[in-house]
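Written below as structure tokens is the structure these notes are about.
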Amino acid sequence: MLEVLTGSGLAASAGLNAYIPLLVMGLLARYTDVIQLPNGWQWLGNGWVVAILVVLLVVEFVADKVPVVDHVNDVVQTVVRPTAGGLAFGAGAGSETVTVADPESFFAGNEWVPVVVGVLIALGVHLLKSAARPLINATTAGVGAPVASTAEDATSVLVSLVAILLPVLVLLFLVGLVFFAFWFVRRRALRRRERRAVRAGGAGR
């Protein structure tokens, strides 16, 4: 099951930032023995791929920290982040790491399964991030955008490393994410009810 946790952590990380988990895997596979990418995924460690990911990460890093631009970026990333999540889960779940010695036994004969799972996990995290950002921008007059984005990037790096080095801890992140999702949905519902009550009070006058 560690393969699933590794893949889930990397896919969730891609939901926050599409390029960080792919870049982390590529760099670790290219320059260390911490992770050995499976056949069909070794292109992630190619020098040109790593360089392209660095450029894309820089663009994403800047765009996601500017109010309004971050919203446009989230719209574009609705396709990119789930795709990256599928790639990250597929590559991560099939890799040999310091904690997983025989990863191919888990998904043998069903190579498409981890990719689909990764797409769904990354899409869920992306939608939650995209829904929370406008609320953060509105309540902080845009000041919160770079702070929230930096926190998301740091979380993406941390979760990517933990998913590879100590995947059991990914459970804590996933549980925390579920609790945050429930809290956020309830908070939005409460805010809607409060706005409707204010409008109804104004109309009554």
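Here is a list of conditions, (1) touching a Gly at 6+ places or on another chain (Cβ under 7 Å); (2) more than 17 Å from A84 (Cβ to Cβ), and V50 meets all of them except one; can you say which number that is?
(2)
Taking F184 and the conditions (1) of a type outside the set (V, I, T); (2) modelled with pLDDT of 80 or more; (3) open to solvent by less than 60 Å² (accessible area, probe 1.4 Å), which numbered condition does it fall short on, given that it satisfies the others?
The failed condition is (2).
Looking at L127, L123, L165, can you tell me which residue is under 20 Å from A91 (Cβ atoms) and either open to solvent by 60 Å² or more (accessible area, probe 1.4 Å) or among the acidic types (D, E) (or both)?
L165
Restrict the check to the stretch 106-119 and report whether at least one residue is farther than 23 Å from Q42 by Cβ, assigned to a loop (DSSP other than H, G, I, E, B), at pLDDT below 85 and open to solvent by less than 50 Å² (accessible area, probe 1.4 Å).
So far as the stretch 106-119 goes, no, none of its residues is farther than 23 Å from Q42 by Cβ, assigned to a loop (DSSP other than H, G, I, E, B), at pLDDT below 85 and open to solvent by less than 50 Å² (accessible area, probe 1.4 Å).
Could you check how many residues of the stretch 85-105 are more than 18 Å from R30 (Cα to Cα), modelled with pLDDT of 65 or more and part of a loop (DSSP other than H, G, I, E, B)?
Qualifying residue count for the region: 1.
Could you check how many residues of the stretch 1-48 are crowded, with 22+ Cβ neighbours inside 10 Å, part of a helix (DSSP H, G or I) and among the β-branched types (V, I, T)?
Residues that pass the stated criteria total 3.
Name the pairs: first residue in the stretch 73-84 and part of a helix (DSSP H, G or I), second residue surrounded by fewer than 17 Cβ atoms within 10 Å (Cβ to Cβ), Cβ to Cβ under 6 Å, at least 6 apart or on different chains?
Filtered contacts from the stretch 73-84: N73/A63.
Given the criterion open to solvent by less than 70 Å² (accessible area, probe 1.4 Å) and either free of Cβ contacts under 8 Å to residues at least 24 places away in the same chain or not in a helix (DSSP H, G or I) (or both), identify the matching residue among V54, V66.
V66
Suppose we keep only residues that are at pLDDT below 90 and of a type in the set (S, T, N, Q) within the stretch 25-41. Which one would you say is farthest from G92 (Cα to Cα)?
Among those residues, the one meeting the criterion is N39.
The values are calculated or read from the model by the stated rules, or taken from the named source; none is laboratory data. Worth saying up front: this structure is predicted, and the values here are computed from it rather than measured. Heads up, the Cβs are rebuilt from the backbone with ideal geometry, glycines too, and the neighbour counts pull from every protein chain shown. Only protein heavy atoms, including side chains, enter the accessible area calculation; ligands, DNA and RNA are left aside. Shrake-Rupley method; radii C 1.70, N 1.55, O 1.52, S 1.80 Å.
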